[in-house]
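First the structure, in the form of structure tokens, and then the observations on it.
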Amino acid sequence: AQTVTQSQPEMSVQEAETVTLSCTYDTSESDYYLFWYKQPPSRQMILVIRQEAYKQQNATENRFSVNFQKAAKSFSLKISDSQLGDAAMYFCAYTMGGGADGLTFGKGTHLIIQP
Amino acid sequence: DTAVSQTPKYLVTQMGNDKSIKCEQNLGHDTMYWYKQDSKKFLKIMFSYNNKELIINETVPNRFSPKSPDKAHLNLHINSLELGDSAVYFCASSPYREGQPQHFGDGTRLSIL
């Protein structure tokens, strides 16, 4: 079974600085998809970024970028110029990508932004 | 307009009762899901449906019965509620294509007294 591990239960960063959240996963598949979701205190689950395993290029969405290392099965999220609104739980998720496959989530990292 | 809407947002009830949570999506997606988020924030897939057909049933007690009257709706009925059922339940939807992101509802917090 696939597993997703987020080894940092909590991270803290000063506003305007850069922070990296770690994620590793275990799979025997070669094609799959990885996601980062953000869950603020409002409880919504918001998609941050998506990566296709067959693409070597790291995905980027504005201040959010990933470092995808397929051989190491690592998928870290970098947040640049951290803002107060970035404070949230961040979940790394994996799917093999079949049409109705569920997401396998990590346990999450609680990100605190210090003003 | 809300893309994936769940009702109710909060549900407080006694052990042993039966309750339902409704989910509707207006994104035109073919696939819908139910997830459970426990008190430690861990999210786990419960069910997925594609075009009203059950695809995934992840070893969930049979007290939980999903029902999909059409591809825009996926309801969750829970019989004989137990204390351990207290959690936040999320509905999600996605197109039936490989690797498409799932869009989540705002969750239903179920509290069992």
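Rule-based calculations on the coordinates, nothing more; no lab input. As the structure is a computational prediction, the values presented were derived from the model and not from experiment. Every residue, glycine among them, receives a Cβ derived from its backbone with ideal geometry; neighbour counts consider all protein chains shown.
One Cα centroid belongs to the stretch B:1-71, the other to the stretch A:85-115; the line between them spans 19 Å.
Please arrange A:LEU111, A:LEU47, B:LEU113, A:LEU103 by how many other C-beta atoms lie within 10 Å of their C-beta, fewest to most.
Ranking A:LEU111, A:LEU47, B:LEU113, A:LEU103 by Cβ neighbours within 10 Å, fewest first, gives B:LEU113, A:LEU47, A:LEU111, A:LEU103.
Ordering B:CYS23, A:CYS92 from the fewest to the most neighbouring beta carbons within 10 Å gives B:CYS23, A:CYS92.
What pairs in A:LYS38/B:LYS22; B:LYS40/B:LYS67; A:LYS55/B:LYS22; B:LYS19/B:LYS52; A:LYS70/B:LYS67; A:LYS73/B:LYS36 have C-alpha atoms more than 30 Å from each other? Please list the in-between numbers first.
Working: A:LYS38/B:LYS22 23 Å; B:LYS40/B:LYS67 27 Å; A:LYS55/B:LYS22 37 Å; B:LYS19/B:LYS52 21 Å; A:LYS70/B:LYS67 38 Å; A:LYS73/B:LYS36 26 Å.
Those over the limit are A:LYS55/B:LYS22; A:LYS70/B:LYS67.
Scanning residues 5 or more positions from B:MET46 or on other chains, those with amide H under 5 Å from its amide H are B:TRP34, B:TYR35, B:LYS36, with H placed 1.01 Å from N in the peptide plane. For the peptide B:93-101, the mean number of other protein chain Cβ atoms found within 10 angstrom of a residue's Cβ is 6. Distance between the C-alpha centres of the stretch A:36-56 and the stretch A:10-27: 13 Å, rounded to the whole angstrom.
If R0 is 22 Å, the Cβ-Cβ spacing of A:ASP31 and B:LYS40 corresponds to a FRET efficiency of close to 0.10.
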